[in-house]
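*Asks:* Pasting a structure here, questions to come.
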Amino acid sequence: MKLLLLGFGTVGQGLAELLINKETELRKGYGLDIQVVGISDMLKGSLHNPKGIDLRAALDLAKAGKMISELPGAFDGDALAMIEQCEADMMVEATYTDIKTGEPATSHIRTALEKGMHVTTTNKGPTALYFQELNDLARSQGVEFLYEGTVMSGSPMLNLARETLAACTISEVKGILNGTTNYILTRMEEGMGYEDALKRAQELGYAEAVPDADVLGWDALAKVTIIANAMFGVKAKPDDFPCQGITEITAEAIADAKARGKRYKLIGKVWREGNLVKASVAPEEVDLSHPLAGVMGGTNAITFTTDILGDVTIVGPGAGRAETGYSALMDIIHAGGKR
Ligand code: HSE
């Protein structure tokens, strides 16, 4: 399989490391012989090498703060030019997320699908804003549009619901979908101030470039919208659902909730009400006995309420280099692996 990587930041590099470290397992376990033939990055430069890029050399250069375009196959054009010229079977879209416009990632994904490439993305903007359009386009082209990493990074969530919960009717999905806000609420309960906790979440790499997207709930809203479309079959956009972040929650309110056996969590949920599908993002006082109450720091979690199994809760990372890179690898195996 020939891969094109758009974005060689945390996610792109995390995936590249996994492709190197898991090469034998991918070949033996799934018949996948993967070559990266293109890398396009706005800051680190671009490479196009139909014979396969030396990933370890590209990683070494990126880690040393150097341009990857020092390697053979330096490419001068932008990401769209790269998609047009690069003969790849699958594109990994891991450029920066713009939750409000979805660009430029949406244009990248459209162009690749139109060219007949499978696409996996970790980018929440295009997936939440243009879910139906991109899925319809992929279907009409006979290729896969996959987005496991948009919710809970590599923790199995969307694939799990689609494959292993396939025969269950899911009436509600409710979770902690944003690591930054969960980290802030956890530290505030321990006595740290809001600003210090946010700064620490930024240092740990959980927060978005503009952390408003986290603390005002927009990041969780994008994820809730993806869940509503993917698992509940509605044609919904983020603006269809109410959204409230954590900026109004005081240290006093957190302490008061704790004294009553509750804990504040920013909860994203999607549920059925009669024939309607509803969704929201808002802080909730969760009972300490609920599995979500014990999920602390940057960790994410989600509870599926099903007719056959009752509640099933998945707890795992929601961000990170290897963790998000892994989600793309999961999608690559899904699109091209032979089991
Ligand atoms: N800013 C996001 C979070 C990153 O804090 O969860 C992962 O989507």
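The values are calculated or read from the model by the stated rules, or taken from the named source; none is laboratory data. On a predicted model such as this, the values are computed, not experimentally measured, just so you know. Cβ coordinates were reconstructed from backbone atoms using ideal geometry, including for glycine residues, and neighbour counts include every protein chain displayed. Only protein heavy atoms, including side chains, enter the accessible area calculation; ligands, DNA and RNA are left aside. Shrake-Rupley method; radii C 1.70, N 1.55, O 1.52, S 1.80 Å.
*Asks:* Starting from the Cα of LEU204, step 7 Å along the direction of its Cβ; do the same at ALA255; then give the gap between the two resulting points in nm.
*Replies:* Reported label-point gap for LEU204 and ALA255 is 2.3 nm.
*Asks:* Then there's this: What's the angle, to the nearest 10 degrees (0 to 90), between helix 194-203's Cα axis and the longest principal axis of the chain?
*Replies:* Once rounded, the angle reads 20 degrees.
*Asks:* Can you put SER69, SER140, SER40 in order of accessible area, largest first, using a 1.4 Å probe? Intermediate values should be presented prior to the final figure.
*Replies:* Numbers: SER69 40, SER140 85, SER40 10 Å².
Ranking SER69, SER140, SER40 by accessible area, largest first, yields SER140, SER69, SER40.
*Asks:* Oh, and also: What's the FRET efficiency of ALA166 with GLU70 using the Cβ-Cβ distance as r and R₀ = 51 Å, to the nearest 0.05? If you can, show how the numbers build up before the last one.
*Replies:* Values: r = 47 Å, r/R0 = 0.93.
In this case the efficiency is close to 0.60.
*Asks:* What is the Rg over Rh value, at two decimals, for region 248-336, using alpha-carbon atoms and the Kirkwood definition of Rh?
*Replies:* Working: Rg = 16.4 Å, Rh = 15.7 Å.
My calculation of the ratio gives 1.05.
*Asks:* Ok, one more. Can you list, bin by bin at 20 Å, the percent of alpha carbon pairs in the chain, starting at 0?
*Replies:* Percent of pairs per bin, in order: 32, 56, 13, 0.
*Asks:* Quick check: the angle from helix 105-114's long axis to the longest principal axis of the chain, C-alpha only, nearest 10 degrees?
*Replies:* 50
*Asks:* Follow-up question, since we're still on this one. What are the aspartates and glutamates whose alpha-carbon lies under 18 Å from the alpha-carbon of LYS258, with same-chain residues fewer than 8 places away excluded?
*Replies:* GLU189, GLU190, GLU248, GLU284, GLU285, ASP287
*Asks:* Considering only protein heavy atoms, what per residue accessible area in square angstrom results for the chain with a 1.4 angstrom probe? All intermediate terms of the calculation are to be shown ahead of the outcome.
*Replies:* Numbers: 14560 Å² over 339 residues.
I get 43 Å² per residue for this part.
*Asks:* With a 1.4 Å probe and all protein chains left in place, how much of the accessible area of the chain comes from carbon and sulfur atoms, in whole percent?
*Replies:* Working: 7280 of 14560 Å².
Of all accessible area on the chain, carbon and sulfur atoms account for 50 percent.
*Asks:* Another question, if that's okay. So which of LYS124/LYS265; LYS28/LYS63; LYS44/LYS223 end up more than 23 Å apart by C-alpha? Working shown, then result.
*Replies:* On the way: LYS124/LYS265 21 Å; LYS28/LYS63 30 Å; LYS44/LYS223 28 Å.
Correct reply: LYS28/LYS63; LYS44/LYS223.
*Asks:* Could you order peptides 120-130, 51-61, 171-181, 19-29 by the average number of other Cβ atoms within 10 Å of their residues, highest first?
*Replies:* Numbers: 120-130: 27.3, 51-61: 16.5, 171-181: 25.5, 19-29: 13.5.
So the order, starting with the most tightly packed, is 120-130, 171-181, 51-61, 19-29.
*Asks:* Rounded to the nearest 0.05, what FRET efficiency is calculated for THR101 and ASN21 with R0 set to 41 Å and r the Cβ-Cβ distance? Don't skip to the answer; put the middle values down first.
*Replies:* Numbers: r = 35 Å, r/R0 = 0.86.
According to the calculation, E is roughly 0.70.
*Asks:* Once both axes come from the Cα atoms, what is the angle between helix 179-189 and the longest principal axis of the chain, in degrees from 0 to 90, rounded to 10?
*Replies:* For helix 179-189, the angle is close to 30 degrees.
*Asks:* Tally the DSSP beta bridges in the chain and give the antiparallel ones as a percent, rounded to 5.
*Replies:* On the way: 34 of 50 bridges.
So the antiparallel bridges amount to about 70 percent of the total.
*Asks:* Still on this structure, I have one more. Write down the percent of antiparallel bridges among all DSSP beta bridges whose residues are both part of region 167-317, to the nearest 5.
*Replies:* Beta bridges within region 167-317, antiparallel portion: roughly 95 percent.
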